[in-house]
Amino acid sequence: MTVVETYPTLAEAARAIGSDAAYMGGGTVMMREVNAGEAPARLVRTNDPALAQIRAAGDAISLGAGVTMSAILADSGLDFLHPVARQIGSPQVRNMGTVGGNIFSPHPYGDFAVALLALDARVTMAAGGARPIEELLRGRDHSPGLVASIDVPRPAPGAFGFKKVSRVKPKGVSVITIAALVNRTGGRVQNARIAWGGMGPGPVRGAAAERALQGQMIDDAMLDRLARTAAEGLDPPTDPLASSWYRREVAGVHLARLLRSMEGR
Amino acid sequence: MALHRGRGFAAINYPIGMNLGGDPSQALVHSNPDGKFTVALSAIDLGQGMKSVTRQIAAETLGVPIADVYVDTADSDTGPHDMGSFASRGTHRMGNAVIMAAKEARSVMLEAAAEELEVDASDLVTDGKGNIHVRGAPSRTITTMAAAQAAQFKQGRTIAGRGIFLIPLSDVNPETGEMSPVTTFAHAALLVEVEVDDETGEVAVTDMQSAYEVGRALNPGLVEQQLRGGAWMGMSHAAWETTEPYYPDRDHGAVDFNHYLMPGPGDLAPHHISVLERPAADGPFGGKGPGEMCANPVLPAVVNAVYDAVGVRIDELPVTPEKVLRGIKAKGGARPRQAIQSASSAKQENF
Amino acid sequence: MAKMPVTLTLNGMERAGFADPGQNLLEFLRRGLGDLSPKYGCGQGTCGACTVTIDGETQLACLVLAETTEGRTVGTAAGLANGAELDPLQTAFMDHFAAQCGYCTPGMLVSARALLDRNPKPTREDIIEAISGNLCRCTGYEPIIEAILAVSEGRTGP
Amino acid sequence: MNARTGGFEFRKELFADERDDDLNEIGKRIRRQDIEGHVTGRSPFYDDHLFDGLLHMRCVRSPHHHARIGRIDTAEAERMPGVVRILTGKDVPQNLNTLLSLLDFGLDDEPVLSVDKAAYKGEPVAAVIAQTEAQARAAVKAVRVDWQPLPHVLDPEEALKPGAPTVCETYPGNAFVYHGKYDHQKLRYGDVEAALRQADHIVEGRYQMSPIEQAPIETCGAISAPEQNGRWVCYTGTQALFFSLGTASKVLNLPSSRMHFIGGTVGGGFGGKVDSIHEPLSILGAMLTGRPCKSQWDREEEMQVGAPRGAERWYITDGVMNDGRIVARKFTGYFDGGAYTRLTSYAVIKGVGHLPGPYTIPNVYADAYCVYTNRTPATAMRGFGITGVDFAIEAHMDKVAETVGMNPIELRILNAYRDGDMKAHRREAKNCAFIECCQVVAEKAGVTISPEARAASSKTGGGGERARLPAFTATDEHGRVEGFESGSYARKGGAPAAPGIPAELTPDRPSPPTLPTARPVETPPTPAPAPTTPDQEKPAARTPQRRSGAVRFSSISGFRRR
């Protein structure tokens, strides 16, 4: 039996949570557990209005953890995130699901977190302090604390791309999700960030792809090479959507197609 | 690095009703004093339109307007025995039972009218609009309401009827399989067009052209619901669905609609349907049952189309991108055949 | 186990009931308030049969805690008609044979109404997107899309 | 996407002389009777019936593919909040059934709540009844079962090999027994081996149809409650009201007159709502608690515990001449029935009666098996018995067309069955329209076919030579099974059961004391004479060689075994 505790502020919720409770954001993942009788005995939530705030100062954007996908889609200043938010769940789920919740959503969910990983977002915790999203994602299964907000640097025009491969149109869940931040100096790629969903237990960086891109001009020959090697070092899961073998086979193909489309080819 | 278009064809026949017979359906029809009819059944409407099609059959047989008939189902205290809604038996079996019941009720109604008009019941006809008149003399007329009132309050007649339809159970010979399975077959043919991505193995169904022979489209709206929905389901069985994605391994069975794959509204292919009607001698107004057969030709048509597109035979359903990709890799690349192209359809598109 | 009083506005009327801890809005609407139009299809947020509006936005009642709807405005398919007068979408669904078993229909209509309320002239693609969270197994999608298009284009009759 | 929506093309010119198109209501696109209820959300599905004090029932299920059941300890669960009662197999009056026993088809092989062992993952062994669904879920977790896992088998061909674990003790060889005699259903028509030797080409194939979930958006379930006068009312999503009533009557040992079933408005079925799982369980719950009781699958159960259409594997060998004529077709089919029979045994016969598809082939052979494996039992689903083999046949036809270098539509028309042709089950074809469907699609899709194929007709060219039974049919006794008595589709030794629903159920032990209302079953009335057969297929002109073992099985309409 699940008891729900609602607090007026995030800070109070964070103090109350303890080790026997789970935090509930938009509910799209947690309520399913509640319905199935699989949720912890205590659920903690908050009505803190600060969580739903979107703040933009120049290219520094801060998303409250409780900002919904629909709120992002309704904000014209967040246009670079629209292709991501539009691909999350169904219209109903986008009205409920939050940025903070997406970070903790298990495979095959959590496509927004894949984008945040590529964008090198920083996460501000309720307890104070900020850390790279990559670090938080690595430890997300070990009670890392509550998220207050996420700072997302706005990418240079054309530098960010996102692709979700799914079997069902228009709203299937992810077979593979790819987010790519490709900055260039003098036409050559510098410090690209490639993030994968569906290619590991959660969102992961694509080290092999990033290495292959480093210092390169993007042309057909380079993309063909990238397509062959991008999945190296990754250990994708087998699930009802696809096998590990299949994900590995096509990951590079989809990455190359994404980069090609970002080139306008 | 290409999308390959292919076309696949398949055609089927489908047995209507429980295969070996022995599956009776019963119906009761009776009139209120004002000439409005109730049909009592125990059949199930699970979306196929049982209530609606039996209502039309009863109205047609009684010779009254559709608005004067209401079908009540399924209450075991009032609806007589029926085997159920499965095996494409509903329309065929229950439709016949309703005809029998409605005919009996109609004959009482006409006898009541005949007594009021002082003519022979065999000289009476219904106009389907709520009137009974003498054949060839439309002015000598009585409403069905007046006839029902006369029957009820003056003549002491029951405007009611009972119906049953049964095809007796067939023997099956253990040695040869000789049997008398169903008496009625529906038919279908379908040509499907697909696009296959030779780098990802993804298959998109882009067009369907079909011909369905349904005996008689008793209500074209209901028939279309079945044919469109059923063909979608066939497409789904061909390329998306399974409870056990790695059969016979039982691991990774889907437990929700995110993992149990079915095509979404964005996967719909245009479906151009032609309906043929060769009435079944023992079907209600010739009707067969379109509900199951509509899906069946799509499954083989899709695998045949994939072969046509890339030269890969997928003999295990569903046609997942993985199976197609493995096939393409085993062949060292796509081997388009395009054996049943029409003049305009053959082309290969590059990204 | 203490029940919580919940007061909300349901289809324009103030309604109140008691929710169990952890009870979802779907169960609360159906068993607590007697509005049976939202349907249970999965309890997982994957079928859309329980689609309702909360403060004008479509949400999945099975994924909403009943207690969090205190003071909010909830709309269901039962509230689409204006008294005896059906919503044009309801009439269009009837004329276009856009329901078979009828189980997804209430949720589908709530999604369709929400679409037309914010976008009276949707494209076919807009409609596909708007109903993508409402599964129709019968299916169903083609006549449903056509019925919604017919309303947006002001067409009446089949 | 520019799908043409609404409407279809009528090909009224075809078969126009066989039809009366001048009718008042038939043939009209009239609104559904139930449509206003659907669009207003007022249509009464089974779960839309509200009861004060409704109890919720949820099952304890096997986590193993195959395991012996040791002790079932419900003590802790019974003390949990809201728990009213926990049922196990001993609470079920007649805890063994087979769905088609109402047609005297097959042996009782499946418990309602398993007692000795579980033969598939998800098999129910206990049912918790509690005040809320959440309480029932919590208590299910607290029921302790001593499981002793057993070796399991998941592939049907593996299951038929010697030494495979026995899945269902009723059929120790893991195959349903047909006619008390064979471990498969045979079809023998002509001499396939001889014809294959003379064919120009041999085309072989292996086809695997996947298991499919019916996936109605409304999950299966039923709500039962005490009604007045010692009766129970059951609101149900069944696809077959009297099937469910008969099944409940049997397993509860309760006359049908004591039950009131209400349904008929169902949120999709597609075959999955024939199995009648929830009706007897919820009635039993209502009987034993005196309160309204709901049994309903959640979506996860619907997908993995609810019976799918089982997988099928078909091997086909065709003998084909250079001109495209198929002279021999041989099938071996394996239906994966899962752990218990449900409806698979019947689907096999339906499939065999359908062979060799819509074609006239002079030599046909089939062995079709209903196989038990340690997975969820299979049951009906849209096209059951036909969809899988049609997939195999029509995928195979494409290979045949390629082998002989022929347009696939022409190949089908060349081999198509026509009015008057003899089918492999030894009845004449009539009312055919297969050729015309092929022609219409070829025309619409712009596929060029030969003048002969265009001129072909279902109404001409059939019969005559094509109506003749084979001069010789090769038969065999392969697959003979001992220990079953000939005389029905599957019968073990012992006196035949009495006809009708309740008499078949005569319990071999006293009713449990927990059912104070149970009464001796009533003897059904003498069966009425059979009505005349409406337009049945003409039997074959020539008597087949052997008819031993052929039976007519009793059904609820009163037919008797002869």
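The values are calculated or read from the model by the stated rules, or taken from the named source; none is laboratory data. Quick caveat: nothing in here was measured; it's all calculated off a predicted structure. Note: ideal-geometry Cβ built from the backbone for every residue, glycine included; neighbour counts use all protein chains shown.
Taking the criterion of being within 8 Å of another protein chain (Cβ to nearest Cβ) and assigned to a helix (DSSP H, G or I), the only residue of the range C:31-46 that qualifies is C:Arg31. The residues of the range B:299-324 that are in contact with a Lys or Arg (Cβ under 8 Å, 6 or more places away or on another chain), more than 7 Å from every other protein chain (Cβ to nearest Cβ) and not in a helix (DSSP H, G or I), listed by number, are B:Gly311, B:Val312, B:Arg313, B:Ile314. Taken over the range A:56-75, the criterion of being over 13 Å from A:Val99 (Cβ atoms) and either in a strand (DSSP E or B) or modelled with pLDDT under 95 (or both) is satisfied by A:Ala56, A:Ala57, A:Gly58, A:Asp59, A:Ala60.
When restricted to residues that are modelled with pLDDT of 95 or more, farther than 30 Å from B:Val205 by Cβ and small (Gly, Ala, Ser), the range B:7-51 contains 7. Counting only strands (runs of 3 or more DSSP E) that fall entirely inside the range B:107-152 and contain at least 2 residues that are farther than 16 Å from B:Leu62 by Cα and in the same structural domain as B:Ile57 (by TED's automatic domain parsing), the qualifying elements are B:137-143. In the range A:53-75, what residues are under 19 Å from A:Phe104 (Cβ atoms) and of a type in the set (Val, Ile, Thr)? A:Val67, A:Thr68, A:Ile72, listed by residue number. The conditions of being buried (at least 24 other Cβ atoms within 10 Å of the Cβ), free of Cβ contacts under 8 Å to residues at least 12 places away in the same chain and closer than 24 Å to D:Gln208 by Cα are met by B:Gly253.
Yes or no: the range B:162-171 includes at least one residue that is part of a helix (DSSP H, G or I) and surrounded by fewer than 24 Cβ atoms within 10 Å (Cβ to Cβ). No, because not a single residue in the range B:162-171 is part of a helix (DSSP H, G or I) and surrounded by fewer than 24 Cβ atoms within 10 Å (Cβ to Cβ).
Applying the criterion of being out of contact with any helix residue (DSSP H, G or I) (no Cβ under 8 Å at 6 or more places or on another chain) and within 21 Å of A:Gly110 (Cβ to Cβ) to the residues of the range A:177-203, the residue that is surrounded by the most Cβ atoms within 10 Å (Cβ to Cβ) is A:Gly200.
I'd like to know if the range B:258-275 contains one or more residues that are facing another protein chain (nearest Cβ under 8 Å), under 28 Å from D:Arg19 (Cα atoms) and among the hydroxyl-bearing types (Ser, Thr, Tyr). Among the residues of the range B:258-275, at least one is facing another protein chain (nearest Cβ under 8 Å), under 28 Å from D:Arg19 (Cα atoms) and among the hydroxyl-bearing types (Ser, Thr, Tyr), which makes the answer yes. Applying the criterion of being assigned to a loop (DSSP other than H, G, I, E, B) and β-branched (Val, Ile, Thr) to the residues of the range B:175-195, the residue that is nearest to D:Asp367 (Cα to Cα) is B:Thr176.
Consider B:Ala87 carefully, then state whether it is crowded, with 24+ Cβ neighbours inside 10 Å, of a type in the set (A, V, I, L, M) and part of a loop (DSSP other than H, G, I, E, B). Full working, then the answer.
Working: crowded, with 24+ Cβ neighbours inside 10 Å: yes; of a type in the set (A, V, I, L, M): yes; part of a loop (DSSP other than H, G, I, E, B): yes.
Answer is yes for this residue.
Do we find a residue being surrounded by fewer than 24 Cβ atoms within 10 Å (Cβ to Cβ), under 25 Å from D:Ser210 (Cβ atoms) and in contact with a Cys (Cβ under 6 Å, 6 or more places away or on another chain) anywhere in the range D:294-306? Looking for residues that are surrounded by fewer than 24 Cβ atoms within 10 Å (Cβ to Cβ), under 25 Å from D:Ser210 (Cβ atoms) and in contact with a Cys (Cβ under 6 Å, 6 or more places away or on another chain), one finds at least one in the range D:294-306, hence yes. Evaluating B:Thr73 against the criteria (1) touching a Leu at 6+ places or on another chain (Cβ under 8 Å); (2) within 11 Å of chain D (Cβ to nearest Cβ); (3) closer than 24 Å to B:Pro168 by Cα leaves one unmet condition, (3). Listed conditions (1) at positive phi; (2) touching a Lys or Arg at 6+ places or on another chain (Cβ under 8 Å); (3) surrounded by fewer than 23 Cβ atoms within 10 Å (Cβ to Cβ) are all met by C:Phe97, apart from (3).
I'd like to check something: does the range D:433-449 contain any residue that is in contact with a helix residue (DSSP H, G or I) (Cβ under 7 Å, 6 or more places away or on another chain) and not in a helix (DSSP H, G or I)?
Restricting attention to the range D:433-449, the residues satisfying the condition of being in contact with a helix residue (DSSP H, G or I) (Cβ under 7 Å, 6 or more places away or on another chain) are D:435, D:438-439, D:442, D:447, D:449.
After this cut, where a residue has to be not in a helix (DSSP H, G or I) as well, the list is D:447, D:449.
Yes, the conditions are met somewhere in the range D:433-449.
Per-residue answers, yes or no, for (1) buried (at least 16 other Cβ atoms within 10 Å of the Cβ); (2) modelled with pLDDT of 95 or more; (3) away from chain B (no Cβ under 11 Å):
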{"position": "D:Glu410", "(1), (2), (3)": "yes, yes, no"}
{"position": "D:Gly420", "(1), (2), (3)": "yes, yes, yes"}
{"position": "D:Ala424", "(1), (2), (3)": "yes, yes, no"}
{"position": "D:Ala442", "(1), (2), (3)": "yes, yes, no"}
{"position": "D:Glu452", "(1), (2), (3)": "no, yes, yes"}
{"position": "D:Asp476", "(1), (2), (3)": "no, yes, no"}
{"position": "D:Tyr489", "(1), (2), (3)": "yes, no, no"}
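Take the conditions (1) surrounded by 19 or more Cβ atoms within 10 Å (Cβ to Cβ); (2) closer than 24 Å to D:Glu218 by Cα; B:Glu277 misses just one of them, which is (2). D:Gln208 falls short on exactly one of the conditions (1) buried (at least 24 other Cβ atoms within 10 Å of the Cβ); (2) of a type outside the set (A, V, I, L, M); (3) within 11 Å of chain B (Cβ to nearest Cβ), and that condition is (1).
Going by what's in this entry, would D:Thr317 be described as without any contact (Cβ under 8 Å) to a residue 40 or more places away in the chain, surrounded by fewer than 24 Cβ atoms within 10 Å (Cβ to Cβ) and in a strand (DSSP E or B)? Answer is no for this residue. For the range D:169-182, the candidate set comprises residues that are more than 9 Å from chain B (Cβ to nearest Cβ) and either touching a Leu at 6+ places or on another chain (Cβ under 8 Å) or crowded, with 23+ Cβ neighbours inside 10 Å (or both); within that set, the residue that is nearest to B:Pro174 (Cα to Cα) is D:Val177.
Scanning the range A:18-29 for residues that are in contact (Cβ under 8 Å) with a residue 40 or more places away in the chain and either surrounded by fewer than 24 Cβ atoms within 10 Å (Cβ to Cβ) or outside any loop (DSSP other than H, G, I, E, B) (or both) yields A:Ser19, A:Tyr23, A:Val29.
Among the residues here, D:Pro255 qualifies as surrounded by fewer than 24 Cβ atoms within 10 Å (Cβ to Cβ) and away from chain B (no Cβ under 11 Å).
Among the residues of the range D:417-428, those that are under 9 Å from D:Ala467 (Cα atoms) and in a loop (DSSP other than H, G, I, E, B) comprise D:Gly420, D:Asp421, D:Lys423. Residues that are of a type in the set (Val, Ile, Thr) and more than 14 Å from chain C (Cβ to nearest Cβ) were ranked within the range A:1-17; the one that is surrounded by the fewest Cβ atoms within 10 Å (Cβ to Cβ) is A:Thr9. If I filter the range B:1-12 for residues that are under 30 Å from A:Gly252 (Cα atoms), among the charged types (D, E, K, R) and more than 7 Å from every other protein chain (Cβ to nearest Cβ), do I get at least one hit? Checking the range B:1-12: at least one residue is under 30 Å from A:Gly252 (Cα atoms), among the charged types (D, E, K, R) and more than 7 Å from every other protein chain (Cβ to nearest Cβ).
Suppose the filter is in contact with a Gly (Cβ under 7 Å, 6 or more places away or on another chain) and surrounded by fewer than 18 Cβ atoms within 10 Å (Cβ to Cβ); does D:Gln135 pass it? Let's see the steps before the verdict.
Values: in contact with a Gly (Cβ under 7 Å, 6 or more places away or on another chain): yes; surrounded by fewer than 18 Cβ atoms within 10 Å (Cβ to Cβ): no.
When the stated conditions are applied, D:Gln135 does not pass them.
Restricted to the range B:79-130, and to residues there that are among the polar types (S, T, N, Q) and facing another protein chain (nearest Cβ under 10 Å), the residue that is nearest to the chain's Cα centre (by Cα) is B:Ser88.
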